[in-house]
1. Counting just the residues of the range 88-107 that are over 19 Å from residue 38 (Cα atoms) and of a type in the set (A, V, I, L, M, F, W, C), which one comes out surrounded by the fewest Cβ atoms within 10 Å (Cβ to Cβ)?
2. Over 22 Å from residue 76 (Cα atoms), assigned to a strand (DSSP E or B) and modelled with pLDDT of 95 or more: is that true of residue 53 in this structure?
3. For residues in the range 6-24 being of a type in the set (A, V, I, L, M), touching a residue at least 24 places away in the same chain (Cβ under 8 Å) and within 21 Å of residue 53 (Cα to Cα), which is surrounded by the fewest Cβ atoms within 10 Å (Cβ to Cβ)?
4. Which of (1) modelled with pLDDT of 95 or more; (2) in a helix (DSSP H, G or I) is the odd one out, the single condition residue 96 does not satisfy?
5. Just to be sure I understand the filter: pairs with C-beta atoms under 7 Å, separated by 6 or more residues or on different chains, first member in the range 90-107 and more than 17 Å from residue 43 (Cα to Cα), second member part of a helix (DSSP H, G or I) and modelled with pLDDT under 95. Which pairs pass?
Amino acid sequence: MESKFIVNVNGEVLEITLDGRLDAGNAPSLSDQLQEYKGKDITRIVIFAKDLEYMASAGIRVIVFAVQKILKPGCDAYFIGGQPDIISVLEMTGLDDALVFQDHYQG
């Protein structure tokens, strides 16, 4: 499966759609694209991960960057439709404190 991501901004909501793998091969490109939203008025991040099959530590770093450096303090970040194995890894890293896990986006 081809790995890709799509970044879209809808008002104050940053939407990231992940497909395939998020690893050392494509995480730097996603990180570069997300840099332009640093300092913007982003009050919600929604990560659509239904089609994400694998996330390496490089991908986790991108998620941490988005939550810590882009999202306004006190606002929510959502991880939608993630595979159980990926959610488990994110929970082990402590990101379950920063992400709201949902099967479907209810924004």
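The values are calculated or read from the model by the stated rules, or taken from the named source; none is laboratory data. Please read these numbers as outputs of a predicted model, since none were measured by experiment. Because the Cβ atoms are built from the backbone with ideal geometry, glycine has one as well, and the counts that use them run over all protein chains shown.
1. In the first step, residues of the range 88-107 are kept if they are over 19 Å from residue 38 (Cα atoms); the result is 88-97, 100-107.
Those left that are additionally of a type in the set (A, V, I, L, M, F, W, C): 89-90, 92, 95, 100-101.
Working: 89: 18, 90: 22, 92: 10, 95: 18, 100: 13, 101: 15.
Only one residue fits best here, namely 92.
2. On the way: over 22 Å from residue 76 (Cα atoms): yes; assigned to a strand (DSSP E or B): yes; modelled with pLDDT of 95 or more: yes.
Against the criterion (over 22 Å from residue 76 (Cα atoms), assigned to a strand (DSSP E or B) and modelled with pLDDT of 95 or more), residue 53 qualifies.
3. Filtering the range 6-24 down to residues of a type in the set (A, V, I, L, M) leaves 6-7, 9, 13-14, 16, 18, 22, 24.
Among the residues that remain, those that are also touching a residue at least 24 places away in the same chain (Cβ under 8 Å) are: 7, 9, 13-14, 16, 18, 22, 24.
Checking the rest, the ones that are also within 21 Å of residue 53 (Cα to Cα) come to 7, 16, 18, 22, 24.
Details: 7: 14, 16: 23, 18: 27, 22: 27, 24: 12.
Once the filter is applied, the top-ranked residue is 24.
4. All conditions are met except number (1).
5. The qualifying pairs are 90/96.
Residues are listed down the side, and each one gets a yes or a no for (1) part of a helix (DSSP H, G or I); (2) surrounded by 15 or more Cβ atoms within 10 Å (Cβ to Cβ); (3) touching a residue at least 40 places away in the same chain (Cβ under 8 Å); (4) out of contact with any helix residue (DSSP H, G or I) (no Cβ under 8 Å at 6 or more places or on another chain):
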| residue | (1), (2), (3), (4) |
| --- | --- |
| 30 | yes, yes, no, no |
| 34 | yes, yes, no, no |
| 38 | no, no, no, no |
| 44 | no, yes, yes, yes |
| 62 | yes, yes, yes, no |
| 67 | yes, yes, no, no |
| 73 | no, no, no, yes |
| 79 | no, yes, no, no |
| 86 | yes, yes, no, yes |
